[in-house]
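Okay, structure first, notes after.
Rule-based calculations on the coordinates, nothing more; no lab input. If you're wondering where the values come from, they're calculated on a predicted model, not measured in any experiment. Positions of Cβ are backbone-derived with ideal geometry, glycine not excepted, and every protein chain shown enters the neighbour counts.
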Amino acid sequence: MTLAPTIAAVLLAAQASAEPTPPAPPAAPPAPCASDHHRAFDFWIGEWDVFVTGSDEKAGESLIERVSNGCAIRETWMPMQGEGGTSLSLLNHRSDRWEQLWIGSDGRRVDFIGGAVDGRVVLTGY
């Protein structure tokens, strides 16, 4: 059985010449705005038909989307009558509160501040 030592020698030579396996790269850090707190408005994302409270009268449509690598939420408001507007909402990294800037098509703005209250997101305008 002279083949067995030859096969073993070939396997040992192949193992000796193989490059060592490089270490696995470190895990990627989480996205900067991926925390549960940053996701408080995820329920709002989508295309919405908006109705007057308590009626079947459609007031308009609203498009809500994540922007800026998921760090902000943009609303595009398209009313059935009158002018529309846009809002940009974000979690302020300094105050840890949600802020929203609303800009109407009339050029006026409203600033909102708030956050989670009893399982709801509540914003107050100033």
> Mind listing the phi-derived Karplus ³J(HN,Hα) values for region 49-57, rounded to whole Hz, using 6.51, -1.76 and 1.60 with θ = phi - 60°, and x for any glycine or proline?
Replying inline: 8, 10, 10, 4, 3, x, 9, 9, 7
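For region 57-126, how big is the tail of P(r) above 19 Å, as a whole percent of Cα pairs?
For region 57-126, the fraction of Cα-Cα distances above 19 Å is 40 percent.
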>> Out of the GluC sites (Glu not before Pro) in region 42-126, which ones are loop residues according to DSSP with at most 16 other C-beta atoms within 10 Å?
In response: GLU57, GLU83
> Summing Lys, Arg as +1 and Asp, Glu as -1, what charge do residues with Cβ under 13 Å from the Cβ of SER87 carry, SER87 excluded?
Replying inline: -1
> To the nearest Å, what is the center-to-center distance of region 77-118 and region 30-58, using C-alpha atoms only?
Replying inline: 12
